[in-house]
Amino acid sequence: MTIRTRETDGLLARIREGRPMTLGQQLRLTVQLSVPAIIAQLSSIVMQYIDAAMVGSLGAEASASIGLVSTTTWLFSGLCVAASTGFSVQVAHRIGAGDIQGARAVLRQALTATFVFSLLLATLGASISGGLPGWLGGDPSIRRDASLYFCIYSLFLPALQMNYLAGGMLRCSGNMHVPSLGGVVMCVLDVVFNFFLIFPSREWRVGDVSFTMPGAGWGVEGAALGTAAAEMVVAGLMMWYLWTRSNSLKLSGERGGFRLRAATLKKAFHIGFPMGLEHVVICGAQIMTTVIVAPLGVFAIAANSFAITAESLCYMPGYGIADAATTLVGQSVGAGRRRLTRSFARITVFMGMAVMGVMGVLMYLFAPQIIGLMTPVAEIRELGVMALRIEAFAEPMFAASIVAYGVFVGAADTLVPCLMNFFSIWAVRLSLAALLAPSLGLKGVWIAMCVELCFRGMIFLIRLRGERWMKKTIFVTNDR
């Protein structure tokens, strides 16, 4: 165990044991949990970059085929995250209260529930994959590849679900390093698998030596299989660590049933259902955005997809800090420490706004280079750079909504934030995008997105300040 890990564990123990924490200790703990979580989120985005860049080298149609279904894959991924979070937040509360056996009981039930859920989701995804590209308004030339990509993605959803569950459980126990390492390993494996599956066999020359580099030449299908293979390997490693090595949650050598209990399932539904609904709202809006963008042509579809992926470099640090916020707030709630809950909420939100503000400046300055890494097509690059530079202005307020949502999840308050997201996205973003797209094209869509993210950040900050999100939580000890 490293010195930093021991220090983190010691600071987390202060939360559970009711001992006082100085502002400096709170800041150190926030940073120590946020940095590995940010690395994990960034490695996920780097993997998306790799897929986009490798497929982008095959041409605009290959890029557009993945871009067309990307919002739907995010929808399904979001549902998997919601399912696992419904249980992992309960684990954070139990650990905060010092109930380790109770936390492990929740984990066993989570394994059963989420695996069954992912099987049902995989069946649904595979069954709709054939018609999905047509429903989204995709050009006939890209429908076959788009359908294959989504079908393969859907079939491997159980592996993705186990990956999310293991990572979420470890993070809520305070272990951010293993999920971070898992994300890096997945990124490396994705490069290797994609290299051999996307491209055909070709001649390589190193100095005076030439040789044949083998390759399957499966194109878009190979990108889906490469990512799926990387997910399977990492899911296996993460579940092994959770099962045998986690200090708080390991199940090896213990007896306990995996049968679901009504109380646990009810709490998971209370937390996870609004989150799942929120993902449906957001991804449904992204799908509607795709429908708005699709008539603008193949270049606009590809540029929109690349710009969304590129922007992720800015907002993924926010999601990493949000993961830390969920852990800190969740354990503080479980320990019954209201004042500490409030303090961690404010620290994490303002840290997220500062980090993403800096990232927004960098995104504006280096937009040509960022998009240039993903596609050689000049028309796509021009549109992508324009979109990123518009979006850069929204990053601080976007951070406020992302991290505040993580705070609310840690407090098991997910319904009202879901409704806030629904109103902001559907009433502001989509209506404005539909109004501006006919005259401004893709630029109008991204202006609408920028305006909506600023509005969303404002209403989340108002709710955070009002502290109504803590009203339903019972704080049973004197906070210090």
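The values are calculated or read from the model by the stated rules, or taken from the named source; none is laboratory data. Just so it is clear, the model here is predicted, and its values are computed rather than measured. Cβ sites come from the backbone with ideal geometry, for glycine too, and all protein chains shown count toward neighbours.
In the stretch 55-75, how many are of a type in the set (A, V, I, L, M, F, W, C) and buried (at least 23 other Cβ atoms within 10 Å of the Cβ)?
Restricting attention to the stretch 55-75, the residues satisfying the condition of being of a type in the set (A, V, I, L, M, F, W, C) are 55, 58, 60, 62, 64, 66, 68-69, 74-75.
Filter once more, so that each one left must be buried (at least 23 other Cβ atoms within 10 Å of the Cβ): 55, 64, 66, 68-69.
Of the residues in the stretch 55-75, 5 are of a type in the set (A, V, I, L, M, F, W, C) and buried (at least 23 other Cβ atoms within 10 Å of the Cβ).
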Practice prompt. Return yes when A427 is buried (at least 18 other Cβ atoms within 10 Å of the Cβ) and at pLDDT 90 or above and no when it is not.
Written response: no
Worksheet entry | Residue that is farthest from G56 (Cα to Cα), among those in the stretch 346-398 that are out of contact with any Ser or Thr (no Cβ under 7 Å at 6 or more places or on another chain) and basic (K, R) | R346
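Each row is one residue, and each column tells you yes or no for (1) free of Cβ contacts under 8 Å to residues at least 60 places away in the same chain; (2) touching a Gly at 6+ places or on another chain (Cβ under 7 Å); (3) closer than 23 Å to A230 by Cβ.
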| residue | (1), (2), (3) |
| --- | --- |
| Q101 | yes, no, no |
| R108 | no, yes, no |
| P140 | yes, no, no |
| L148 | no, no, yes |
| M162 | no, no, yes |
Worksheet item: Which one of these does A105 not meet: (1) more than 30 Å from A263 (Cα to Cα); (2) more than 19 Å from the chain's Cα centre (by Cα); (3) not charged (D, E, K, R)?
Response: (1)
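Can you tell me which residue within the stretch 125-160, out of those that are of a type in the set (G, A, S) and under 25 Å from the mean Cα position of the chain (by Cα), is nearest to L111 (Cα to Cα)?
Top of the filtered list is A159.
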Response to the item:
Counting only residues in the stretch 384-396 that are among the hydrophobic types (A, V, I, L, M, F, W, C) and surrounded by 24 or more Cβ atoms within 10 Å (Cβ to Cβ), the one nearest to P317 (Cα to Cα) is identified as A394
Discussion item. Checking the condition assigned to a helix (DSSP H, G or I), touching a residue at least 24 places away in the same chain (Cβ under 8 Å), of a type in the set (G, A, S) and surrounded by 24 or more Cβ atoms within 10 Å (Cβ to Cβ), which residue from A448, A404 passes?
Written reply: A404
Fill in: Cβ-Cβ under 6 Å pairs, at least 6 apart or on other chains, the stretch 39-58 side at pLDDT 70 or above, far side of a type in the set (D, E) and part of a helix (DSSP H, G or I)
M47/D190; I50/D190
Worksheet item: Is one or more of the residues making up the stretch 76-83 buried (at least 19 other Cβ atoms within 10 Å of the Cβ), over 17 Å from the mean Cα position of the chain (by Cα), at pLDDT 80 or above and in a helix (DSSP H, G or I)?
Response: no
Practice prompt. From F269, F258, F273, F299, grab the single residue that is modelled with pLDDT of 85 or more and within 30 Å of A433 (Cβ to Cβ).
Written response: F273
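Yes/no matrix, rows are residues, columns are (1) under 30 Å from L362 (Cα atoms); (2) assigned to a helix (DSSP H, G or I):
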| position | (1), (2) |
| --- | --- |
| L249 | no, no |
| L265 | no, yes |
| F273 | no, yes |
| G284 | yes, yes |
| I287 | yes, yes |
| F299 | yes, yes |
| S305 | yes, yes |
| S312 | yes, yes |
| G330 | no, yes |
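For residues in the stretch 1-38 being assigned to a loop (DSSP other than H, G, I, E, B) and of a type in the set (V, I, T), which is modelled with the highest pLDDT? Outline the logic, then answer.
First, pick out the residues of the stretch 1-38 that are assigned to a loop (DSSP other than H, G, I, E, B): 1-2, 18-22.
Those still in the list that are of a type in the set (V, I, T) too: 2, 22.
Details: T2: 51, T22: 91.
My answer is T22.
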Discussion item. Given the options M351, M386, name the one that is in contact (Cβ under 8 Å) with a residue 40 or more places away in the chain, closer than 22 Å to S70 by Cβ and not charged (D, E, K, R).
Written reply: M386
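Would it be correct to say that R456 is modelled with pLDDT of 90 or more, buried (at least 20 other Cβ atoms within 10 Å of the Cβ), over 20 Å from the mean Cα position of the chain (by Cα) and assigned to a helix (DSSP H, G or I)? Reasoning before the result, please.
On the way: modelled with pLDDT of 90 or more: yes; buried (at least 20 other Cβ atoms within 10 Å of the Cβ): yes; over 20 Å from the mean Cα position of the chain (by Cα): no; assigned to a helix (DSSP H, G or I): yes.
Considered against the rule, which asks whether it is modelled with pLDDT of 90 or more, buried (at least 20 other Cβ atoms within 10 Å of the Cβ), over 20 Å from the mean Cα position of the chain (by Cα) and assigned to a helix (DSSP H, G or I), R456 comes out as no.
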Worksheet item: What number goes with the only condition from (1) at pLDDT 95 or above; (2) not aromatic (F, W, Y); (3) not in a helix (DSSP H, G or I) that G98 does not pass?
Response: (1)
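Conditions tested, residue by residue: (1) under 17 Å from the mean Cα position of the chain (by Cα); (2) closer than 24 Å to F87 by Cα; (3) buried (at least 17 other Cβ atoms within 10 Å of the Cβ); (4) polar (S, T, N, Q).
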{"position": "Y164", "(1), (2), (3), (4)": "yes, yes, yes, no"}
{"position": "S173", "(1), (2), (3), (4)": "no, yes, yes, yes"}
{"position": "V188", "(1), (2), (3), (4)": "no, no, no, no"}
{"position": "D208", "(1), (2), (3), (4)": "no, no, no, no"}
{"position": "A216", "(1), (2), (3), (4)": "no, no, no, no"}
{"position": "E221", "(1), (2), (3), (4)": "no, no, yes, no"}
Worksheet entry | Residue check, N175 within 30 Å of I95 (Cβ to Cβ) and not in a helix (DSSP H, G or I) | yes
Response to the item:
Restricting attention to the stretch 213-233, the residues that are assigned to a helix (DSSP H, G or I) and either modelled with pLDDT of 95 or more or not β-branched (V, I, T) (or both) number exactly 12
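Counting only residues that are of a type outside the set (A, V, I, L, M, F, W, C) and over 21 Å from I371 (Cα atoms), how many does the stretch 11-64 have?
Here the count works out to 15.
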Practice prompt. Out of T264, T244, T227, report the one residue that is hydroxyl-bearing (S, T, Y) and buried (at least 21 other Cβ atoms within 10 Å of the Cβ).
Written response: T227
Worksheet entry | In the stretch 336-361, the residues that are crowded, with 24+ Cβ neighbours inside 10 Å and outside any helix (DSSP H, G or I) | R337
Discussion item. I need the full set of residues from the stretch 84-101 which are surrounded by fewer than 21 Cβ atoms within 10 Å (Cβ to Cβ) and closer than 14 Å to N247 by Cα, in order please.
Written reply: G98, D99, I100, Q101
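Give the stretch 244-278 a look and list any residue that's β-branched (V, I, T) and without any contact (Cβ under 8 Å) to a residue 24 or more places away in the chain, or say none.
Let us first name the residues in the stretch 244-278 that are β-branched (V, I, T), namely 244, 264, 271.
Scanning the stretch 244-278 gives a single hit, T244.
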